[in-house]
1. Report, by residue number, each residue of the stretch 122-134 that is crowded, with 16+ Cβ neighbours inside 10 Å and either modelled with pLDDT of 90 or more or not in a loop (DSSP other than H, G, I, E, B) (or both).
2. Filter the stretch 48-95 down to residues that are part of a loop (DSSP other than H, G, I, E, B), touching a strand residue (DSSP E or B) at 6+ places or on another chain (Cβ under 7 Å) and either surrounded by fewer than 10 Cβ atoms within 10 Å (Cβ to Cβ) or touching a residue at least 24 places away in the same chain (Cβ under 8 Å) (or both), then give me how many there are.
3. Would a scan of the stretch 172-194 turn up a residue that is modelled with pLDDT of 70 or more, surrounded by 19 or more Cβ atoms within 10 Å (Cβ to Cβ) and more than 23 Å from residue 32 (Cβ to Cβ)?
4. Identify the residue in the stretch 135-160 that is in contact (Cβ under 8 Å) with a residue 40 or more places away in the chain, assigned to a strand (DSSP E or B) and in contact with a helix residue (DSSP H, G or I) (Cβ under 8 Å, 6 or more places away or on another chain) and, among all such residues, is nearest to residue 252 (Cα to Cα).
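The values are calculated or read from the model by the stated rules, or taken from the named source; none is laboratory data. Small disclaimer: the values here were computed from a predicted structure and weren't measured. Glycine also receives a Cβ, built like all others from the backbone with ideal geometry; neighbour counts cover every protein chain displayed.
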């Protein structure tokens, strides 16, 4: 039997009664999967990667007069940018440790480093989502505050219920925010944040086949043009709004993190 001590407190060994390798339970990553991939081939740390954002025409097209030339207009072009950075961590080990251990040390280290990479990248993605300038605070069962400066105001006296989701859906549609998949928006939040809403839709769909499948599979499903996703990687943000009866949830459409966060709502 071989052993490895990490700072004299944790031991890697292979007891006779247990030859199975076990890894700590991991929280499920969610935010990273909704980040759009942009080509930045050849970019190194510290270099800036930019992309173009095209606006609407300055003048809207209209009726043409006979023999008159077609009027001309232009459209604005702005740029978004990001500075390339590197993220990383290492776990040192020696060939002697690998030779003496009865466990596959390289596989263990690769596994824990992969888990760390998932958590690190998901945390970085969440930080971008959390920079949303549009903020929605449910001040009552149907009332709300709406801010566009990145700061939530008003007392959050209500959990996230159907009435609020319907209002957010209308706000996003009226702002012309494109859907994520051509049909639906996406919402990410903790399971407890969606609990009041889940109780409402499960009772209303309980006697339909669609509703039954959602309850059995543990899925929230779709409602008012949203696909709902639960996450557990980011801790509850109880102080995101005064009184905080609902933890923060994020509602977004296509390329949410590439448009100065004006296409993403934190509620």
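1. Correct list: 122, 125, 126, 128, 129, 134.
2. Summing the residues that are part of a loop (DSSP other than H, G, I, E, B), touching a strand residue (DSSP E or B) at 6+ places or on another chain (Cβ under 7 Å) and either surrounded by fewer than 10 Cβ atoms within 10 Å (Cβ to Cβ) or touching a residue at least 24 places away in the same chain (Cβ under 8 Å) (or both) in the stretch 48-95 gives 1.
3. no
4. Result: 136.
Quick grid of which residues meet (1) under 30 Å from residue 230 (Cα atoms); (2) modelled with pLDDT of 80 or more; (3) in contact with a helix residue (DSSP H, G or I) (Cβ under 7 Å, 6 or more places away or on another chain):
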{"residue": "1", "(1), (2), (3)": "no, no, no"}
{"residue": "10", "(1), (2), (3)": "no, no, no"}
{"residue": "15", "(1), (2), (3)": "no, no, no"}
{"residue": "28", "(1), (2), (3)": "yes, no, no"}
{"residue": "62", "(1), (2), (3)": "no, yes, no"}
{"residue": "67", "(1), (2), (3)": "no, yes, no"}
{"residue": "79", "(1), (2), (3)": "no, yes, no"}
{"residue": "84", "(1), (2), (3)": "yes, no, no"}
{"residue": "96", "(1), (2), (3)": "no, no, no"}
